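The values are calculated or read from the model by the stated rules, or taken from the named source; none is laboratory data. Predicted model, so just to flag it, every value in this text is computed and none were measured. Using ideal geometry, Cβ is built from the backbone for each residue, glycine included, and neighbour counts are taken over all protein chains shown.
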Amino acid sequence: MAETVSVTMDDVFREVEKYIQRPESIALIRRAAEYAEKKHEGQMRKSGEPYFSHAVNVAYILAELNVGPSTIAAGFLHDVIEDTDVTKEELEKEFDPEIAELVEAVTKIGALKFHSKDDPEYQAANHRKLFIAMARDVRVILIKLADRLHNMRTLQYQPPEKQKRIAAETLDVYAPIAHRLGISAIKNELEDLSFYYLDREEYYRIAHLVDTKKAERDEYIRQMISDISDLLTEHGIEFRIFGRSKHLYSIYHKMVDRHKRFDEILDLLAIRIVTKTELNCYEILGYIHAAYRPIPGRLKDYIAVPKTNMYQSLHTTIIGDAGKIFEVQIRTEEMDEIAERGVAAHWRYKEGSKYDARVEQKEIEERLSWFRDFAAFTGENENTSASEYMETLQRDVFEANVYAMTPKGRVIDLPNGATPIDFAYRVHTDVGHTAVGAIVNDAMVPLNTELHTGDVVQIKTMKNTGPSEDWLKFVKTNQAKSKIKAYLARKETERKAEKVPAGEKMLADELRKRGFDPSEYTDKKHLDGIYSHFNVANSTDLYYGIAVRTINVTSVCEKLTNQKRPVNDETLAAFINRGEKKRIPSRIGVYVPGIESMKMSLGQCCLPVYGDDIVGYVTKGEGVKVHRRDCPNMAKMQQRLIDVRWEEEDNERMYDTNISVLSHDRSFLLTDIVTAVSQSKAPMLKVSAAVNQETLTTTIRIKLQIHDLEQLHILIANLRKVDSVIDVIRESN
């Protein structure tokens, strides 16, 4: 590993003055340097150098990135709050609030004590603080990257155990950030330095392999550069051409992850051509392909479709003389600068222009789609667990390597295996919530289709719809999962809130019919005593259960009052001739308390089943019609209602019922629905299906027979788990 050369103050200002000439800006930077030197006076690094030398090197790295005066000043000052007696308030007075904010943010990151991987939650919590700071002001992370890079360059002075810990953290956290910001120069150096300290034996092995045939490779590259230069000069194109070497960690990573031998890595022989315009790039590509045979499938056009870190270039792999394989990169000068410096190159300080940190941050979010998603995600998820936050960030941002596009050309970066639903939530939360179909490359596909780089994805949406719980089975991004779960939880809370008053009223009405005062029996003391019996935690769950018929209101009344309902219905007394009280079992499994037998039938408007909360309606000439208590027809017939009860459950008795299944349309949907019904052992009497071409949804209506309400609830729950199902409801006739 090469020895690190420490820079001086003169080196910093030579670099600064290449792009900053305004006297007041230079004066600000110099004042910050002198202030930091004074405050760090007497402090030494483990290397034996004055501590201030570290601040100088950080400022130099920032100047190489062409950042603004305030950022370089903050680079000089980045350790004064942490390592001296300086306060943020003092920095505000001495400089300005902007510089003080930057220094404080970097200090907070520096104060994080990263534990070993044996304490992942603590580690994740610290990492999250770092990313939150980055989401608020990207300059903070640029300073921290410069700080980390110089610390890695001087890591040899730390104990071996600390070397490995810092190197692992750098490889896991800081190098990926540099990569996502497009700062490849810093990313590559951080990776190679980390590699050296984490696995020195493997580092030297790869370095030896690279050095073994270096002279031979250099000659091949020299000859290819000469030949291509002659070719392009002949066509009058302005260009720069040079060979480039692959950094060691990248070679190692390819050998391990792709299971390749060293001699199989094609881009060890690599050439870069830098020209003036995009048109020149494509012209050069054409001339090279005309002169050399390209390897099929190795052409990548990152100019037309840039990477999400703004990287642009043409990549092609060709076969040169003697069968040697070369990777050729072709790009403009601006593209080359962005490839090396990334976000820092695009927003490099421009003398004379008015700088606004908030405007820059907004521009970064607009240009870097992943950063916009990251910033939004960070703002929305500060209350999630640290490990969940980091898992989402790692998978959804750092491991994203599938690049799909909207019809308007916006690139959406996704992890492997991502689906149109993941894509929809990346575009916007509302697009994800209302997604009902997907068109990929002009073809309708199921919502669980795996996307690939280059796919053009159009999401079909429909208002007043929501995500299906079934989506959680196939979405890959934690962002989509968290959005879906949050939506479902919110809807469940809303449904409960809407139903609770109805359940409360039903219980009060039932108590009054029994001659009890509801206020006496629905106080906290009485209700607390029955929650465990009905397996609920509170009154909200109890009233909700009553409202949706999963809890029988009659049973609640009996439990609250310790009494069965008295038989005192005057309407019933006037209608029947009371006789012997021995009851004859009913054909439909329903009886009237205290009555031997009576003509009874189930209401066909609401089709009650065993377990429903039911009520009887005394008809003229047709006996008693049994309805569900929530049947809309019963609202008009309060004067002729009587109490009815279910007989003991009879496993042989079956009841007709109707259900409606709303689903996203797809192949074999009806087969899957019918299979789910059959598995629930519910005989089907009739099935019909209708497709809505505008929303790409299907409504399947099924008439079937079941034993009881519990079986119906289980069936509905199972149908909701079927792929693409949006909702299942019980219907009346």
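Would you confirm, using the coordinates I've provided, whether S660 is assigned to a loop (DSSP other than H, G, I, E, B), among the small types (G, A, S) and touching a residue at least 12 places away in the same chain (Cβ under 8 Å)?
no
Cβ-Cβ below 6 Å, separation at least six or inter-chain, first residue in the range 288-317 and in a loop (DSSP other than H, G, I, E, B), second of a type in the set (K, R): which pairs?
Partner pairs satisfying both residue conditions: N309/R180; S313/R331.
For the list (1) touching a residue at least 24 places away in the same chain (Cβ under 8 Å); (2) more than 29 Å from A74 (Cα to Cα); (3) of a type outside the set (V, I, T), I need the number of the one condition that R222 fails.
Only one criterion in (1) touching a residue at least 24 places away in the same chain (Cβ under 8 Å); (2) more than 29 Å from A74 (Cα to Cα); (3) of a type outside the set (V, I, T) is unmet by R222, namely (1).
Which helices (runs of 4 or more DSSP H) sit wholly inside the range 525-614 and have at least 2 residues that are at pLDDT 85 or above? So that I can check it myself, show each step before the final result.
Working: elements: 539-547, 553-561, 570-575.
Correct list: 539-547, 553-561.
Look through F534, F516 and report the one residue that is surrounded by 16 or more Cβ atoms within 10 Å (Cβ to Cβ) and under 41 Å from the mean Cα position of the chain (by Cα). Write out each step before concluding.
Working: F516 fails: under 41 Å from the mean Cα position of the chain (by Cα).
Selected residue: F534, the only one of F534, F516 that is surrounded by 16 or more Cβ atoms within 10 Å (Cβ to Cβ) and under 41 Å from the mean Cα position of the chain (by Cα).
Which of the residues spanning the range 119-148 are of a type in the set (D, E) and either part of a helix (DSSP H, G or I) or modelled with pLDDT of 80 or more (or both)?
Answer for the range 119-148, where residues must be of a type in the set (D, E) and either part of a helix (DSSP H, G or I) or modelled with pLDDT of 80 or more (or both): E121, D147.
Considering each residue of the range 206-236, count those that are more than 18 Å from T317 (Cβ to Cβ), part of a helix (DSSP H, G or I) and not aliphatic (A, V, I, L, M), and give that number.
13
Kindly indicate the residue of the range 686-716 that is under 14 Å from D672 (Cα atoms) and aliphatic (A, V, I, L, M) and also nearest to the chain's Cα centre (by Cα) among those meeting that condition.
Taking the candidates together, the pick is I716.
Could you list, in sequence order, all residues of the range 482-504 that are surrounded by 13 or more Cβ atoms within 10 Å (Cβ to Cβ) and either among the small types (G, A, S) or under 14 Å from G432 (Cβ atoms) (or both)?
S482, K483, I484, K485, A486, Y487, L488, A502, G503
Of all residues in the range 636-695, count the ones that are of a type in the set (G, A, S) and closer than 17 Å to Q711 by Cβ.
Residues meeting the conditions: 4.
Restricting to the range 5-62, what's the tally of residues that are closer than 18 Å to K350 by Cα, of a type in the set (D, E) and assigned to a helix (DSSP H, G or I)?
Total meeting the criteria: 2.
Look at the range 671-680 and say how many of its residues are modelled with pLDDT of 85 or more and within 21 Å of T550 (Cβ to Cβ).
The total comes to 2.
Would you check which residues across the range 459-494 are under 23 Å from G545 (Cα atoms) and either in a helix (DSSP H, G or I) or at pLDDT below 85 (or both) and list them?
Hits for the range 459-494 are E469, K485, A486, Y487, L488, A489, R490, K491, E492, T493, E494.
Conditions (1) within 21 Å of F95 (Cβ to Cβ); (2) among the charged types (D, E, K, R), marked per residue:
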position	(1), (2)
S6	no, no
D11	no, yes
I26	yes, no
Q43	yes, no
K46	no, yes
P50	no, no
T71	yes, no
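Quick check on E694: is it outside the structural domain of N718 (by TED's automatic domain parsing) and in a loop (DSSP other than H, G, I, E, B)?
no
Could you check M654 against (1) surrounded by 12 or more Cβ atoms within 10 Å (Cβ to Cβ); (2) within 28 Å of P446 (Cα to Cα) and say which number it fails?
(2)
Any residue in the range 424-432 that is under 21 Å from S667 (Cα atoms) and either in contact (Cβ under 8 Å) with a residue 60 or more places away in the chain or surrounded by fewer than 20 Cβ atoms within 10 Å (Cβ to Cβ) (or both)?
Scanning the range 424-432, I find no residue that is under 21 Å from S667 (Cα atoms) and either in contact (Cβ under 8 Å) with a residue 60 or more places away in the chain or surrounded by fewer than 20 Cβ atoms within 10 Å (Cβ to Cβ) (or both), so the answer is no.
Considering every residue within the range 282-301, establish whether at least one is under 27 Å from A344 (Cα atoms), touching a strand residue (DSSP E or B) at 6+ places or on another chain (Cβ under 9 Å) and among the hydrophobic types (A, V, I, L, M, F, W, C).
The answer is no; no qualifying residue exists.
Of the residues K686, K703, which is surrounded by fewer than 16 Cβ atoms within 10 Å (Cβ to Cβ), at pLDDT 90 or above and assigned to a strand (DSSP E or B)?
Result of the check over K686, K703: K686.
Would you check if there is a residue in the range 57-68 being among the hydroxyl-bearing types (S, T, Y) and modelled with pLDDT of 95 or more?
Pass one, the range 57-68, residues among the hydroxyl-bearing types (S, T, Y): 60.
Next cut, modelled with pLDDT of 95 or more only: 60.
Within the range 57-68 (the criterion being among the hydroxyl-bearing types (S, T, Y) and modelled with pLDDT of 95 or more), the answer is yes, since at least one residue qualifies.
Looking at R31 and the list (1) at pLDDT 95 or above; (2) surrounded by fewer than 21 Cβ atoms within 10 Å (Cβ to Cβ); (3) within 25 Å of Y157 (Cβ to Cβ), which single condition is not satisfied?
Here R31 clears every test but (3).
Is it fair to say V210 is without any contact (Cβ under 8 Å) to a residue 12 or more places away in the chain and within 30 Å of T170 (Cβ to Cβ)?
no
Go through (1) crowded, with 17+ Cβ neighbours inside 10 Å; (2) modelled with pLDDT under 85; (3) within 23 Å of N733 (Cβ to Cβ) for T695 and report which single condition fails.
Here T695 meets the rest and fails (3).
Failed condition for Q479, given (1) more than 30 Å from Q693 (Cβ to Cβ); (2) surrounded by fewer than 22 Cβ atoms within 10 Å (Cβ to Cβ); (3) polar (S, T, N, Q), with all others met?
Failing condition for Q479: (2).
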